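**Student:** Before I ask anything, here is the structure I am working with.
The values are calculated or read from the model by the stated rules, or taken from the named source; none is laboratory data. Not measured: the values here are computed from a predicted model. Cβ sites come from the backbone with ideal geometry, for glycine too, and all protein chains shown count toward neighbours. Remember, those area values only see protein heavy atoms, side chains included, never the ligands or the DNA or RNA. Shrake-Rupley method; radii C 1.70, N 1.55, O 1.52, S 1.80 Å.
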Amino acid sequence: MPRQADHDQRRRQIAEAVWRLAARRGLEDVTLRQVAAEAGVSVRLVQYYFGSRDGLLLTALEILNSDAERRGRERVEALADANTPRGAVRGVLMEMLPLDEERRTRHLVYVAYFVRFLWDENLAAVAADAPPELERLLADLLAWGQREGQVPADLDPLPEAEILLATADGLQTGVLLGQRTPEQALALLDRQIDRLFSGQ
């Protein structure tokens with residue numbers, strides 16, 4: 001068991017090095033040697049744990065996503081209205097906004113991956129095949145709102161969920177570029193949520 005814990009800790013150490021590089025200067029030209037230097041380990045050790053550069057980038061992204069899901073769940077559960085459809089929807093969407101340093105850094109890493117995915121065919125194929133889990137989650141939450149009489153019954157939950165995510169995506173970019181404050185972005189997101197939860 002300790003051996004597995006050491007293995008996981010070393011993988012995380014290297015993954016965090018990828019994230020730091022991504023947040024500082026992107027991933028377009030990142031090499032295993034750069035990641036190893038950032039992590040303070042040998043290139044051979046990076047290869048042992050991840051194999052190729054693509055394997056390293058994809059696994060580092062998986063670890064980041066897992067972290068984001070766990071922290072997001074903790075924050076949503078801590079909200080006063082987390083047990084309501086609107087509160088749950090708002091909590092999920094808030095995780096997409098860079099409202100603090102942790103989420104800002106995570107979103108900068110995601111931007112670096114996005115740029116890399118645009119021109120790296122191998123990684124782009126993996127991204128294209130990723131299941132639309134957030135869309136389904138939000139659609140389920142909106143359907144819950146419909147059952148509670150808080151969301152109009154004639155709305156189709158899935159496209160509405162897609163619109164909410166697109167809104168959050170756009171607001172995220174604006175905050176990262178300094179075009180609006182996190183508070184302004186959250187206020188706009190609340191207006192969009194209020195449009196759907198007309199029964200509240």
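**Student:** Which of the following residues is assigned to a helix (DSSP H, G or I), in contact with a Pro (Cβ under 7 Å, 6 or more places away or on another chain) and not charged (D, E, K, R): ALA168, ALA112, ALA139, ALA124?
**Tutor:** Numbers: ALA168 fails: in contact with a Pro (Cβ under 7 Å, 6 or more places away or on another chain); ALA112 fails: in contact with a Pro (Cβ under 7 Å, 6 or more places away or on another chain); ALA124 fails: in contact with a Pro (Cβ under 7 Å, 6 or more places away or on another chain).
Within the list ALA168, ALA112, ALA139, ALA124, the selection yields ALA139.
**Student:** Tell me the residue from LEU58, LEU108 that is within 19 Å of VAL126 (Cα to Cα) and either hydrophobic (A, V, I, L, M, F, W, C) or within 14 Å of the chain's Cα centre (by Cα) (or both), please.
**Tutor:** Among LEU58, LEU108, only LEU58 is within 19 Å of VAL126 (Cα to Cα) and either hydrophobic (A, V, I, L, M, F, W, C) or within 14 Å of the chain's Cα centre (by Cα) (or both).
**Student:** Let me ask you something else. Go through region 34-90 residue by residue and tally those that are exposed (fewer than 14 other Cβ atoms within 10 Å of the Cβ) and in a loop (DSSP other than H, G, I, E, B).
**Tutor:** The total comes to 7.
**Student:** Can you pull out the residues in region 91-132 that are among the hydrophobic types (A, V, I, L, M, F, W, C), surrounded by 19 or more Cβ atoms within 10 Å (Cβ to Cβ) and without any contact (Cβ under 8 Å) to a residue 40 or more places away in the chain?
**Tutor:** Hit for region 91-132 is PHE117, nothing else.
**Student:** Right, next: Identify all residues within region 150-165 that are without any contact (Cβ under 8 Å) to a residue 60 or more places away in the chain, open to solvent by less than 70 Å² (accessible area, probe 1.4 Å) and either in a helix (DSSP H, G or I) or within 13 Å of ASP140 (Cβ to Cβ) (or both); write none if there are none. Break it down into steps so the answer makes sense when it comes.
**Tutor:** First, the residues of region 150-165 that are without any contact (Cβ under 8 Å) to a residue 60 or more places away in the chain: 152-163.
From what is left, the residues that are open to solvent by less than 70 Å² (accessible area, probe 1.4 Å) are 152, 155, 157, 159-161.
Listed by number, the residues that qualify are PRO157, PRO159, GLU160, ALA161.
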